[in-house]
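Worksheet: the structure to be examined is printed underneath.
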Amino acid sequence: MRSVARIPRFSAALLLAAGLIAVGGCGEEGAERAPAGSGVEAGGPEEQLAVEDVYLGVSCPGRGNYVGCDRVGVYVRTREATPDFILARVAGHRVQLRPRRPGDRSFEGFLRSEGLLHEGPLAVEANEKERWFGREVVRVPVEVQAGYEQKPAGPARTIRRVRLSAGYG
């Protein structure tokens, strides 16, 4: 009897440890963060871009939560490197991100394509007024790559499961 009682405790501890390891690297609602110490340390184009944060949000200027203009804001913040620009691929759509201010580690750009928020991986269920409040979760892969005016681009880095938010800006 004694050995039977130990097996479930051991199994439960093992499952708990495995679950903590699996969840430990995931980001919360916004983006999955890269492991500490990975990516670009000194800004060389030969290494992957070290990403601190990625954010996607529905972005129709002057109309909160409106999806009728099929526009998505894309924001990336790097850890240390300051490339000239960032090339991003969001659910297969390419967009070039520019620094918010010169020398800044925050980059942004906007995707706009007919049907972007109505069909495909970024589709959302809007109400009759074409507003979406983010109740259902939409997650898409985002690939980022450091871009340089005078050097070749760095290797691409994929961040899986970035959540689309109901607003941007």
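Count of segment 88-104 residues, restricted to those that are in a loop (DSSP other than H, G, I, E, B) and either touching a residue at least 60 places away in the same chain (Cβ under 8 Å) or surrounded by fewer than 17 Cβ atoms within 10 Å (Cβ to Cβ) (or both), is 6. If you check Glu125, Glu47, Glu130 for being surrounded by fewer than 19 Cβ atoms within 10 Å (Cβ to Cβ), at pLDDT below 90 and over 14 Å from the mean Cα position of the chain (by Cα), only one passes: Glu47. For segment 105-123, a tally of residues being in a strand (DSSP E or B) and acidic (Asp, Glu) returns 1. Report yes if Arg63 is free of Cβ contacts under 8 Å to residues at least 24 places away in the same chain, touching a Leu at 6+ places or on another chain (Cβ under 8 Å) and surrounded by fewer than 19 Cβ atoms within 10 Å (Cβ to Cβ), otherwise no. Answer is no for this residue.
The values are calculated or read from the model by the stated rules, or taken from the named source; none is laboratory data. Because the structure is a prediction, the values reported are computed rather than measured. Methodologically, a virtual Cβ is constructed for each residue, glycine included, from the backbone with ideal geometry; neighbour enumeration extends over all protein chains shown.
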